[in-house]
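Chemist: Got a structure for you, questions after.
The values are calculated or read from the model by the stated rules, or taken from the named source; none is laboratory data. No experiment lies behind these values; they were computed from the predicted model shown. Cβ coordinates were reconstructed from backbone atoms using ideal geometry, including for glycine residues, and neighbour counts include every protein chain displayed. Accessible surface is based on the protein model in full, side chains and every heavy atom, while ligands, DNA and RNA are left aside. Shrake-Rupley method; radii C 1.70, N 1.55, O 1.52, S 1.80 Å.
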Amino acid sequence: MLAAAVASFATACGSAAGQPAGKVAIHGDNTSWAEPLAAAGAEMKAVSGLELVPEVIPSLESFEQIVKSSLRTNKTPDLLKYWSGYRLQDLARTGGIEVLTERWDEAEAQGWVDPTLRDAFTYRGEVYGLPMNLTYWVFFYNTEVFAENGVAAPRTWEEFLGVCERLHGAGITPLHATADGRWPAFIWFMEVLSRQDPGFYDGLMNGRESYTDPRAEHAMATIADFADRGWFTAMDMNHVDAAAGVVHGTLGMMPGGTFMTPNFVAAGGEPGGDVDAFVLPMADPSAEPCMIFESSALVCTVKGPDRDEALRATGTWLHPEVSAAFSGTLQDGSPNPLVGPANPMIEGITHTVRDERLRMLNRFWELGPPELVEATVDDLAGFLLDPSSYRSVLRTMQGRAEDAWQVWREAERS
């Protein structure tokens with residue numbers, strides 16, 4: 001299976017070498033990004049004479065391994081859509097991607113990038129990727145269903161619990177939780193822990209705290225309590241069906257990234273109309289308010305066949321017109337503060353983040369050694385299927401974390 005994927009990737013990379021002057025191939029793992037990348041590429045051509053050519057490799061499970069293998073060859077892509085955080089650091093360690101610190105500094109000087117995002121793209125003091133999108137992790141809901149049941153978007157944790165109780169009493173499943181697709185299993189742990197103690201969440205994800213700490217246990221116990229109350233959907237409900245459930249009024253709230261907006265539109269919803277979103281309130285009112293974000297990294301390879309043009313393209317990526325074309329087509333947030341929101345729902349969330357000066361915390365998937373994150377996601381999936389197992393699951397996760405962080409830190413010293 002992996003060998004076939006590698007062969008497919010190598011073939012696609014070979015096509016990158018055949019791009020004519022003025023065109024630069026960008027490879028990613030998400031088919032839904034092809035149209036937004038093409039839209040950004042068209043604007044980039046108008047601004048700089050360079051056009052992006054999307055090359056989608058729909059093989060998420062093996063994408064990272066395939067990319068790393070290609071970096072050791074002369075058939076590597078010019079540009080990559082990658083992850084931020086530790087996954088980007090892991091790629092930087094290979095020596096196969098370009099330092100983009102100068103590009104970031106130029107963009108920041110022009111106000112084209114949110115400076116608070118920089119750490120997520122930095123390794124050993126240098127920037128190795130530029131933010132492509134800015135996804136906010138929020139709770140989607142149906143405004144009409146809320147109004148019919150006499151509730152509003154909650155501003156406190158107590159109000160959030162009250163909304164769940166009211167919807168449950170009305171025969172509406174309050175919350176979506178799922179292990180479908182594997183990776184979504186981390187969502188509830190990330191959301192609850194960051195609202196109970198954002199500093200601990202940051203410390204735990206960066207290897208400074210323990211999964212057996214009472215604060216981690218409190219988060220898992222909270223999630224188990226929600227499950228015991230019957231507030232969750234079946235654990236095999238995917239995001240597409242959940243979005244449709246919100247639009248049609250059978251599901252109360254759905255946690256997810258704003259990149260999921262097209263799912264609601266496809267189900268007949270109107271972002272900012274009958275479908276809106278709120279930031280989950282802090283469970284501890286004294287804690288610093290926070291927002292979980294996600295941002296993909298635009299990466300330039302060292303051995304790409306059109307390296308010079310690829311580097312020029314990175315200098316134009318955050319241009320307001322290019323960034324607006326991309327985020328507008330993607331219907332997601334933009335890392336460029338000068339770009340207007342893609343829709344009224346994104347506008348409301350953006351105002352909340354800026355007006356309340358929310359602390360930006362990177363998503364679970366991008367925090368920690370990739371192998372550890374992958375294993376922990378599987379542990380959390382097991383917990384969701386058996387919520388009473390949370391204490392033993394936490395012990396298992398801590399054992400994994402100790403081993404993984406030791407390996408990561410030894411590699412850092414070498």
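Chemist: Starting with the highest mean, order 63-73, 402-412 by the number of other Cβ atoms within 10 Å, averaged over the residues of each peptide. Don't skip to the answer; put the middle values down first.
Modeler: Values: 63-73: 17.5, 402-412: 13.3.
Ranking, from highest mean packing down: 63-73, 402-412.
Chemist: In segment 288-394, what trypsin sites (Lys or Arg not before Pro) fall in a loop by DSSP, with at most 15 other Cβ atoms inside 10 Å?
Modeler: On the way: sites: 303, 307, 312, 354, 357, 359, 363, 391; in loops: 303, 357, 363.
Sparse-neighbourhood loop trypsin sites (Lys or Arg not before Pro): 357.
Chemist: Would you calculate, for the chain, the mean residue ellipticity at 222 nm contributed by helices, counting each DSSP H stretch of 4 or more residues as -39,500 (n - 2.57) and dividing by all residues, to the nearest 500? Don't jump to the answer; show the numbers that get you there.
Modeler: Working: 17 runs with 201 residues, N = 414.
Per the formula, -15000 deg cm²/dmol.
Chemist: Over 20 Å between Cα atoms, which of 23/75; 45/68; 23/68; 45/303 qualify? List each step's numbers first, then the result.
Modeler: Values: 23/75 17 Å; 45/68 29 Å; 23/68 23 Å; 45/303 23 Å.
From the list (23/75; 45/68; 23/68; 45/303), the Cα-Cα distance tops 20 Å for 45/68; 23/68; 45/303.
Chemist: Now a separate question. Order 93, 400 by their accessible area, 1.4 angstrom probe, all chains in place, largest first. Walk me through the intermediate numbers first.
Modeler: Working: 93 75, 400 100 Å².
These residues rank, largest area first, as 400, 93.
Chemist: Once the Cβ-Cβ distance between residue 47 and residue 303 is put in as r, and R0 is 35 Å, what FRET efficiency do you end up with, to the nearest 0.05?
Modeler: The value I calculate is 0.85.
Chemist: In addition: Only Cα pairs under 8 Å and at least 6 apart count here; give the relative contact order of the chain as a rounded whole percent. Please report the intermediate quantities before stating the final value.
Modeler: Details: 757 pairs, mean separation 106.3, N = 414.
Value for the chain: 26 percent.
Chemist: I need the calculated FRET efficiency for the pair residue 99 and residue 412, taking r as the beta carbon distance and R₀ as 22 Å, to the nearest 0.05. Walk me through the numbers on the way to the answer.
Modeler: Working: r = 18 Å, r/R0 = 0.81.
Efficiency for this residue pair is about 0.80.
Chemist: Place the peptides 173-184, 276-287, 250-261 in order of packing, highest mean first, counting for every residue the other Cβ atoms within 10 Å and averaging per peptide.
Modeler: Working: 173-184: 20.8, 276-287: 17.4, 250-261: 23.7.
The densest-packed peptide leads the list: 250-261, 173-184, 276-287.
Chemist: Can you give me the solvent accessible area of residue 165 with a 1.4 Å probe, rounded to the nearest 10 Å²?
Modeler: 100
Chemist: Work out how much length residue 35 to residue 338 would gain on full extension: take 0.36 nm times their residue separation and subtract the Cα-Cα distance, in nm to one decimal.
Modeler: On the way: separation 303, 0.36 × 303 = 109.08 nm, distance 2.21 nm.
Here the answer is 106.9 nm.
Chemist: When DSSP assigns beta bridges and you keep just the ones with both residues in the chain, what percent turn out antiparallel, to the nearest 5? Provide the component values of the computation, followed by the final result.
Modeler: Numbers: 21 of 37 bridges.
About 55 percent, rounded to the nearest 5.
Chemist: For q values of 0.18, 0.27 Å⁻¹, compute log₁₀ I(q)/I(0) with the Debye formula on a Cα-only model of segment 141-223, without solvent.
Modeler: The Debye formula, applied to the Cα set alone, gives -0.88, -1.26.
Chemist: Treat every Asp and Glu Cβ in segment 140-257 as -1 and every Lys and Arg Cβ as +1, leave all other atoms uncharged, and give the resulting dipole magnitude about the Cα centre to the nearest 20 debye. Kindly include the intermediate steps, with their values, before the conclusion.
Modeler: Numbers: 7 positive and 16 negative charges, 23 e Å.
Dipole size: approximately 100 debye.
Chemist: Let me ask something else. Quick one: pull the percent of accessible area on the chain belonging to carbon and sulfur, 1.4 Å probe, ligands and nucleic acids left out.
Modeler: Working: 7940 of 16210 Å².
C and S fraction of accessible area: 49 percent.
Chemist: How much accessible area per residue does segment 280-414 have, in Å², with a 1.4 Å probe?
Modeler: Values: 5520 Å² over 135 residues.
Normalised by residue count, the accessible surface of segment 280-414 is 41 Å².
Chemist: Arrange the peptides 186-192, 341-347, 225-231 so that the one whose residues have, on average, the most other Cβ atoms within 10 Å appears first. Intermediate results must be reported in sequence, preceding the final value.
Modeler: On the way: 186-192: 22.6, 341-347: 19.9, 225-231: 14.7.
Ranking, from highest mean packing down: 186-192, 341-347, 225-231.
Chemist: Further question on the same structure: Towards the positive end of the charge dipole of segment 263-414, with charges on Cβ (+1 Lys, Arg; -1 Asp, Glu), say which of 310, 280, 267 has the farthest Cα.
Modeler: Of the options given, the answer is 310.
Chemist: At 1.4 Å probe size, with every protein chain present, just tell me what the per residue accessible area of segment 48-195 comes to in Å². The partial results should precede the final answer.
Modeler: On the way: 5510 Å² over 148 residues.
Dividing the accessible area of segment 48-195 by its residue count gives 37 Å².
Chemist: Just going by the charge dipole of the chain, with Lys and Arg at +1 and Asp and Glu at -1 on Cβ, which of 80, 248, 160 is farthest out on the positive end?
Modeler: So the residue furthest toward the plus end is 80.
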